[in-house]
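Below is one structure, written out as structure tokens; comments come after it.
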Amino acid sequence: MENFSPLQNDLLTEAFNLGMGLAASALSQMVGEEIKLSVPKLLLIKRQQAAKILINKNITTVTGVKQHFDGPFNGDALLLFPVENSLALVKLLLKNTVPDDDLTELEEEALCEIGNIILNAGLASIANMFGQDIHSGLPNFIQGSSENIMHADNQDSLVFFMHVDFCIAAANINGYIIYMLDAQSIQDLGTILNKYLKKMSLSK
Amino acid sequence: MIKTILIVDDSLVSRMLVTAIVKEAQPDWNILEARNADEAIKLADNKIIHHFIIDYNMPGMNGLELAKIFIKDHESSRITLLTANIQNSIRDKAAKIGINFKDKPITDEKIRTIIEE
């Protein structure tokens, strides 16, 4: 990745990894099933390319949660599912305490709660590791095309795109956790990484 | 002893989950719910509330600010911040004002631990 050095990239990957571990643990507790995680990918790309990453997985319409965060750096955290997966996840969360007919009514609420927990786990890991205070907004339910979700209309603007795919194999549910930072925040994050590396006497 | 518990969380699903666990553990207890700080303050007014379980990130006043109000007005109540925001900074703030901190997700064990304290 152009803007970060190999050491910064490695450090960020590790922080993200820890966060995704926490997120997977939380999700596993909520649904009572094992969660499999992909290797996280960290990319500096244009918004249009970010949308294509989802489209290339044959995910054209998604449902999920978006949560803005700000503080030392700003961006959006997203938890996304192919639209056909979301009710199955809600059913797992509510553990058959709600009749199937009532699930759709609770879908937005349930996804927001799941998203809130998972996305905050990732942010908290980064905040704690680097001694920062990140403010996360309220989770918002979203549904739409991958292009709309990624604001690919602003296609040339750069984003720092961190994502991991997860799978609840027992229920055949796939999902995606994404953190996107805008260009200015990439620089701010770089400064934080450098401070950490210096503190740990790892910078050259 | 029959107690009263007030659950404050903007998430309906969270309130449902906590309520279900408390009902099973303590079927005789009075369970009150509020979606935000304003509702919670109105609901708790002039009542004895033995336990408060409060979310941190809500529209309007956050859970820590609400907890400070309840610390003053309900001195003998047990207050727990139950939140997805598990940053050290939030944990530290909860500890500083003398309330319990529990991280979401909500589990049977966590809620039972809170209400059995």
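None of the figures in this text is laboratory data; all of them are computed from the coordinates on show. These figures come from a predicted structure and were not determined experimentally. Every residue, glycine as well, gets a Cβ built from its backbone with ideal geometry; the counts of neighbours run over all protein chains shown.
Observations on the structure shown:
- Cα gyration tensor category, rounded, prolate or oblate, for the range B:7-104 with a/c compared to 1.5: rounded
- When only the Cβ of Lys, Arg, Asp and Glu is charged (+1, +1, -1, -1), the dipole of the protein assembly as shown relative to its Cα centre reaches about 1040 debye.
- Whole-angstrom gap from the range A:1-23 to the range B:29-67, using each part's C-alpha centre: 38 Å
- Where labels lie 7 Å past Cα in the beta-carbon direction, separation of B:F101 and B:E117 in nm: 1.2 nm
- Across peptide A:123-133, the mean count of Cβ atoms from other chains lying within 10 Å of each residue's own Cβ comes to 3.
- FRET efficiency, B:K47 to A:T97 (Cβ-Cβ, R0 35 Å, nearest 0.05): 0.80
- Taking the Cα centre of the range A:55-204 as origin and assigning +1 to Lys and Arg Cβ atoms and -1 to Asp and Glu Cβ atoms, the resulting dipole is close to 1020 debye.
- Sorted from longest to shortest, the spans of the Cα atoms of chain A along the three principal axes equal 59, 35, 27 Å.
- Furthest towards positive pole of dipole, B:W29, B:N46, B:I69, structure part chain B, Cβ charges: B:I69
- Helix-derived mean residue ellipticity, 222 nm - over chain A, DSSP H n ≥ 4, -39500 (n - 2.57), to 500: -15500 deg cm²/dmol
- The mean number of partner chain beta-carbon atoms within 10 angstrom of a residue's beta-carbon across peptide A:137-150 is 1.
- Long pairs among A:K66/A:K95; B:K42/B:K93; A:K36/A:K57; A:K41/B:K102; A:K66/B:K96; A:K195/B:K93, criterion Cα-Cα beyond 28 Å: A:K41/B:K102; A:K66/B:K96
- Unit charges at the beta carbon, dipole of the protein assembly as shown: most positive-side option, A:Q184, A:A51, A:S145: A:Q184
- Kyte-Doolittle mean at least 0.0, axial Cα span of 18 Å or more - DSSP H helices of chain B: B:12-25
- Gyration tensor verdict on the range A:93-204 (Cα atoms; rounded if a/c is under 1.5, prolate if a/b is larger than b/c, oblate otherwise): prolate
- Partner shielding of A:102-108 amounts to 1, given as the average count of beta-carbon atoms from other chains within 10 Å of each residue beta-carbon.
- The range A:1-57 shape via C-alpha gyration tensor axes, a/c threshold 1.5: oblate
- Screening chain A for DSSP H helices whose Cα atoms reach 30 Å or more along their own axis and whose mean Kyte hydropathy is at least 0.0 gives A:6-31, A:100-130.
- Residue among B:V18, B:I114, B:G98 farthest towards the positive dipole end of the range B:15-117, charges placed on Cβ: B:G98
- Distance-filtered residues of the range B:15-52 - backbone nitrogen under 16 Å, label point 7 angstrom along A:E105 Cα→Cβ: B:15-17
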